[in-house]
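For reference, the structure discussed in these notes is given below.
The values are calculated or read from the model by the stated rules, or taken from the named source; none is laboratory data. Source: prediction; values computed, not measured. Glycine also receives a Cβ, built like all others from the backbone with ideal geometry; neighbour counts cover every protein chain displayed. Just so you know, the surface numbers come from the protein's heavy atoms only, side chains and all, with ligands and any DNA or RNA stripped out. Shrake-Rupley method; radii C 1.70, N 1.55, O 1.52, S 1.80 Å.
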Amino acid sequence: MADNKLSIEDMAIFCKKKGLVFPSGEIYGGLTGFFDFGPNCVEINNNIKMEWWKFHVQEREDIVGIDGSIITNPLVWKASGHVENFNDVHVKCKKCKKPNKVDKSEIGKVKCECGGEYEIIGDLNLMFKTNVGPVEGSTAYLRPETAQLIFANFKLVAESSRLKLPFGIAQIGKAFRNEISPRDFLFRCREFEQMEIEYFVHPDNAKKCPFIKEVLKHEINVLSEETQKKNQNPKKMTIEQALKNRVINTEWLAYWLATEHKWFISLGANPDNFRIRQHIKEELAHYSSDCWDLEYNFPFGWKELEGIADRSDFDLQQHIKHSKKDLSIFDQDTNKKIVPHVSAEPSLGVGRAFLVFMFDAYNDDKQRGNIVLKLDPKLSPVKAGIFPLMGKPELENLAKEIHESIKKYFNISYDRSGSIGRRYARADEIGTPFCITVDFDSLKDKTVTIRDRNTTKQTRVKIAELKDILRKLIDKEIEFKDLK
Ligand code: GAP
């Protein structure tokens with residue numbers, strides 16, 4: 001990202017130009033903090049969510065998924081502490097009058113970007129309120145995080161799915177926060193999507209992670225609380241070193257921080273644009289005993305991409321107290337009923353993940369004269385463009401036939417308009433990894449040209465093998481250079 005020098009404003013302009021993201025209801029002037037997503041962005045976001053779900057739920061035996069409602073019994077939010085504590089300190093700049101929010105720990109320490117001092121307006125609860133049913137006063141809230149529905153459903157899910165500790169419950173869904181100052185495009189919005197896991201462990205074995213070996217050799221830039229207090233730079237180290245030197249306190253936090261970093265890298269993100277940062281004591285949320293952020297080097301600085309908190313048994317105990325229900329589960333190993341601890345809560349916004357993949361994929365290719373979005377094929381909205389070389393019926397018919405035979409397997413497009421160069425450029429700009437051209441030779445020998453987005457290299461393949469070849473290229477079973 002840093003090499004491209006693309007600002008967040010430029011990214012917003014690019015996304016609008018390509019029909020990816022628009023201010024919500026723009027014909028009426030939009031609404032700050034809300035966005036609508038166009039056809040190709042829906043595909044990218046669905047791909048991000050599908051890859052996240054496959055990696056975190058379907059390919060694991062220890063994590064299951066749920067889908068809770070957006071509006072739920074308001075007592076859930078009373079128990080979780082959100083009604084009382086989910087507040088930001090609302091401040092206004094004395095000079096430029098711009099509103100902002102600050103952390104309690106920042107009061108008196110930070111200034112507005114114009115250099116002006118802040119005056120405190122008061123605390124603002126970030127939850128959106130609504131009224132349920134015809135009777136005024138039946139206040140409920142739009143959920144500010146998906147996590148609480150996991151806790152509220154914990155026992156039902158654990159018992160019906162016959163889960164054995166350690167295990168996780170995952171959820172993807174919308175969350176809403178009445179942010180005082182939404183900013184930086186999709187980075188801070190009022191409506192966004194989260195992908196969250198609550199990972200439950202036995203309270204007597206809350207520190208040992210059976211999967212730690214998978215990540216011990218993984219390297220990452222680390223900014224601990226101590227390093228920040230000493231004003232030092234982050235240090236690159238392996239997870240093994242971070243644990244050995246007690247930079248990261250628990251194997252579980254270390255495991256999830258590395259696993260999340262690895263997930264981004266597996267989908268083409270640049271490993272060097274990430275670091276992990278520990279929350280300093282004053283920053284910790286009301287529910288958290290230790291928390292780290294996976295941060296990304298956004299154009300506006302290193303910022304939280306994903307939070308990974310140790311929530312202990314705070315939430316389950318709160319729900320036990322407020323609902324007066326027994327949420328303990330039976331542990332077969334010790335023959336005892338226990339209330340598990342959340343050893344780690346990886347919590348990631350879809351919009352922030354979208355920005356990371358977009359910044360790392362964005363290439364302004366001066367030679368080609370167009371943008372090339374080098375998205376991982378798994379994330380690309382369109383996997384292949386099928387082009388007849390010219391507007392001749394015999395070429396168009398064969399191209400449509402190929403399109404027809406492959407479209408049920410992948411999201412592919414058929415494009416017959418403009419020069420072939422123009423069609424390649426359009427495909428590059430939305431990240432289409434492969435373009436298939438049907439020419440006069442195709443009519444004779446039943447082969448087509450396949451072009452690789454990243455290198456512009458081309459080769460011929462048999463039409464009969466096209467579907468299989470595309471699948472193998474997308475799944476990285478083969479590389480483009482392997483095609484003969
Ligand atoms: N359940 C824990 C939780 O919600 P959080 O740090 O408040 O923790 C988790 O949020 C993630 O959700 C963030 O790391 C970010 O990716 C995303 N997120 C939070 N607030 C957001 C906002 N206003 N706009 C876009 N994404 C947001």
Notebook entry, point to check: Any residue at all in the stretch 251-265 that is in contact with a strand residue (DSSP E or B) (Cβ under 9 Å, 6 or more places away or on another chain), at pLDDT 95 or above and assigned to a loop (DSSP other than H, G, I, E, B)?
Noted result: no
Item checked: Selection status of K229, at pLDDT below 95 and more than 17 Å from A344 (Cα to Cα) -> yes
Notebook entry, point to check: Give me the pairs: first residue in the stretch 146-160 and under 20 Å from G349 (Cβ atoms), second residue among the polar types (S, T, N, Q) and buried (at least 16 other Cβ atoms within 10 Å of the Cβ), beta-carbon distance under 6 Å, and six or more apart or on different chains, which are they?
Noted result: T146/Q171; T146/Q194; Q148/S80; I150/Q171
Item checked: Of all residues making up the stretch 301-326, the number that are crowded, with 20+ Cβ neighbours inside 10 Å and away from the ligand (no atom under 16 Å from the Cβ) -> 0
Margin query: If the requirement is being away from the ligand (no atom under 16 Å from the Cβ), of a type in the set (K, R), touching a residue at least 12 places away in the same chain (Cβ under 8 Å) and within 26 Å of K337 (Cα to Cα), which of these qualifies: K229, K207, K217, K236?
Written below: K207
Item checked: Odd one out for D428, checked against (1) outside any strand (DSSP E or B); (2) at pLDDT 95 or above; (3) more than 26 Å from F14 (Cβ to Cβ) -> (3)
Next item on the list: Hey, can you tell me all the residues within the stretch 155-180 that are near the ligand (Cβ under 10 Å from one of its atoms) and either at pLDDT below 95 or more than 30 Å from K325 (Cα to Cα) (or both)?
Entry: N178, E179
Notebook entry, point to check: If you take the residues of the stretch 267-300 that are within 13 Å of V356 (Cα to Cα) and assigned to a helix (DSSP H, G or I), which of them is least open to solvent (accessible area, probe 1.4 Å)?
Noted result: N273
Next item on the list: Could you pull out the residue among S343, S380 that is open to solvent by less than 20 Å² (accessible area, probe 1.4 Å), within 16 Å of the ligand (Cβ to nearest atom), small (G, A, S) and at pLDDT 95 or above?
Entry: S343
Notebook entry, point to check: Among (1) in a loop (DSSP other than H, G, I, E, B); (2) surrounded by fewer than 12 Cβ atoms within 10 Å (Cβ to Cβ), which single condition is A464 missing?
Noted result: (1)
Notebook entry, point to check: For the stretch 311-416, list the helices (runs of 4 or more DSSP H) that sit wholly inside it and hold at least 1 residues that are closer than 30 Å to F300 by Cα, in contact (Cβ under 8 Å) with a residue 24 or more places away in the chain and small (G, A, S); which are they?
Noted result: 350-361
Next item on the list: Among residues belonging to the stretch 15-59 that are under 15 Å from I430 (Cβ atoms) and of a type in the set (G, A, S), point out the one that is farthest from the ligand (Cβ to nearest atom).
Entry: G19
